Amino acid sequence: MRSWSVSGSAGAWRRARHAALAALALLPTACSDLGPGDGDLADSSELSDLTESEIGEAAQELTLPFTIDRRKSLIVTDVDIVSQFSLQQVLQQLITQSGVSGLTPLTLFRRFMDTHRTGATGLFSVPHCDDVAANTADIYPPGSSNPAEQPTGSINGWPVLCPRPVGDESASNPFADPNADSAYMATTLSNRFDLAPPDGSNCGEYRIVFARRGGQSDTNSLQRNFIIFEGRLPNPNPSQGRQACLPVVQFWLNQSDPAKSVATRASELLSFYFNGLPGFAPVIHIDHYGNAPGPDHGQIRTNEFLNGTSPPAAWSLREFRLTHGTSSSPALNIVPSFVKDNPAARLFSSAASSDPRVTSFQSTVFPNVVERLAASDDINRFAYPSALPNSINAGESLMIPLQNNYLNALGTGTSTLRTNIANKLTAMGSDLSGTPGNLSVDQVVGRAETLACSGCHEPQDRNGGATSTFDVGLSAPFPSTLVFTQTSEKTEPIDTSNPTGPQRFKISPALIDVFLPFRERVMTDYLLNKPTLGFEKPGAWTSSQAQLAVHTGRVTEGISSLEIRTPASFNAIVSPNFSTSGLTPVGNKIKLDLFISKVQPNPSWVGTIEVLISIPSAGINNQWVGNAVLNSLTRGAFNVIPFPQLPAATVTALNAAPSDVKLQFNLNVTPNSGPYYMDNVRFEN
């Protein structure tokens, strides 16, 4: 059975798991042999209040060797494990790979921190934060008399606060005393396979978070600094797409093996980060932290609270690139960069401007991302359709002051940008009311704000106040963080019944309740489901009539669906040949998740969809399976479409695991309706 994952209560999960175990224990040889009365569950009442997807999820989970433990396979904060990772060790590996003679981890660290100083006070010959002066016209909010809100430096052409107190670290030695406040400790290892793109150009991002020890003290709330190494792992066989990443995902799955000791897990994680899996580079590598610029090449980020006099003056998030030379001319530097997907707030301002960056952003760049921002009912899937132009990305991400408070910059009055966003939403069928299915302009801009670093860490309302009801157009507000962080320097017992036993660093409610469950679903879907049937392979499905593309916003399974952008009246959407090996026993019905567009030029006739199946090796060619009328289906949402039962001979052929199965969906709709989205084709009984 293939099914999508839904959240449910722990009780529902246990009941579903029990029911699935009982049901699977009583199944005859093939699922298609099970007819009415062929077997009763030991306690059939357990199934009565469960949805199909809850039962399916439990049954699907049983096909993994063990349940995924999110605190082992997705995020690791066990003190006994992360304490074996050191900042000095990471920097030394990068130095060794660079071939730079005489460079030490201490010098590399100090040069890194020195970039926060001015040229006049800097201790090293590195880029300093005032090498380029801030353009006062770009400062947002304008006209503030608070020195903390008057940037004097510039990165990427946008103002940054300069100098920063964290620059004082360039005169310290974090390696002299591992227990000193100035020392750094590893708190978190993070598996971000969910960031692997549909085309598999890389295998995701694997992070190490280092926190300054001074932040452990309740009396040192402003002596905090986080350094996060976010390494993108290259795909060693890009032609195989995401499937080539299987050893990486299996490695993380195996961290949940209940038979593994803490010592074994620590040893394996150290090897993964520092040595790499067979055929894969180590995560910690000089090419994995932005030496080649762009979103697919990783970065180093900081979350800075250090030495400020008050929280508004202290909190900043910045991004850096690790650059290096060649074997004949070795070099190694950690240099300031713009923060990706963090447009400067001034770009949203209604104030008139002759700056071409502002006019282009308001007329073209942001209106062109509205549809993708709006096309998701899951916070985890908020995204831009592609990397934003480098020129618009800010040099740092701040919510206090309001550098990334886009709602504040947009304001509440009429403006060119507000009008352009509204026009895009209206074209998508929204009435702009902000009610479910009808996003407002502010809700879309709020989604953009949550994609900024500071917005993800602590979104603020329009006036800069903290809010627990940040409205992004979903039934629930943006989830709670740990106030400016998602991970912490503070610890808690792994086993709450043993408060003095092994400890782990705390993580945010947002991670526990929202982000980690999504990442688990991505990992599970990847391990269990077939990429062709989940539309996970760009370019695999084809059409001579419609424009097709993978889409990562409107999705019911995995990381992408198939977007049908410009449908004609008749659209044949054809799969590549695929094998049913791994799907047996194959069910006798085909089901499809289809998103019906709200944009219908002829509201009285939405259209039809039919499916044909071919298995040439079994003498089956374009066999008509059935069709469905779309008129009565919900518009602006996914609908599950079941097609009539497959002939018994076709089911028999499918269960022989042929490799030349092909499906063709014929979508008959009104031209210029759409877009439509297809996902999660499956065979079910």
Whole-percent tail of the Cα-Cα distance distribution for the stretch 252-343, cut at 18 Å, equals 64
Contour excess over end-to-end distance, with Cα ends at residue 329 and residue 120 and 0.36 nm allotted per residue: 72.4 nm
With Rg and the Kirkwood Rh both taken from Cα atoms, where does Rg over Rh land for the stretch 276-402? 1.04
Along its three principal axes, how long is the chain when you only count alpha carbons? Whole Å, largest extent first please. 81, 60, 53
Quick tally, 1.4 Å probe accessible area for 566, 77, sorted with the most first, runs 566, 77
Residue-normalised accessible area of the chain, given per residue in Å² at a 1.4 Å probe: 39
Please give the direction-averaged projected area of the C-alpha convex hull for the stretch 360-467, in square nanometres with one decimal. 6.8
Bin width 5 Å, origin at 0, all Cα-Cα pairs of the stretch 205-364: what percent of pairs per bin? 2, 7, 11, 13, 13, 14, 14, 10, 8, 4, 2, 1, 0
What is the ratio of the Cα radius of gyration of the stretch 176-244 to 2.2 N^0.38 Å, where N is its residue count, to two decimals? 1.56
Phi angles of the stretch 577-593, converted by Karplus (6.51 cos²θ - 1.76 cosθ + 1.60, θ = phi - 60°) into ³J(HN,Hα) in whole Hz with x for Gly and Pro, give 4, 9, 9, 8, 4, x, 9, 6, x, 7, x, 9, 10, 9, 10, 9, 9
Working note, the stretch 352-409: Cα radius of gyration (Å, one decimal) and Dmax (Å, whole number) are 12.9, 37
Sequence-distant residues sharing a close amide H with residue 153 (under 5 Å, placed H): 134, 160, 162
Please compute the Kirkwood hydrodynamic radius of the stretch 602-656 from all pairs of different C-alpha atoms, in Å with one decimal. 13.1
Apply the Karplus curve 6.51 cos²θ - 1.76 cosθ + 1.60, θ = phi - 60°, to the phi angles in the stretch 564-571 and return the couplings in whole Hz, x for Gly and Pro. 10, 7, 10, x, 8, 5, 10, 9
At 20 °C and 1.002 mPa s, what whole-number value in µm²/s does Stokes-Einstein give for the translational diffusion of the stretch 472-564, with Rh from the Kirkwood sum over Cα pairs? 130
Reduced Cα scattering model of the stretch 557-684, Debye log10 I(q)/I(0), q = 0.10 Å⁻¹: -0.32
Efficiency of FRET between residue 107 and residue 133 - r from beta-carbon atoms, R0 22 angstrom, step 0.05: 0.20
Taking the Cα centre as origin and putting +1 on Lys and Arg beta-carbons and -1 on Asp and Glu beta-carbons, what dipole magnitude results for the stretch 466-594, to the nearest 20 debye? 320
Using a 1.4 Å probe over the heavy atoms of the protein chains, calculate the carbon and sulfur portion of the accessible area of the chain as a whole percent. 51
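The values are calculated or read from the model by the stated rules, or taken from the named source; none is laboratory data. All values reported here derive from a predicted model rather than from experimental measurement. All Cβ positions, glycine included, derive from the backbone under ideal geometry; neighbour counts span all protein chains shown. All accessible areas refer to the heavy atoms of the entire protein, side chains included, with ligands and DNA or RNA removed. Shrake-Rupley method; radii C 1.70, N 1.55, O 1.52, S 1.80 Å.
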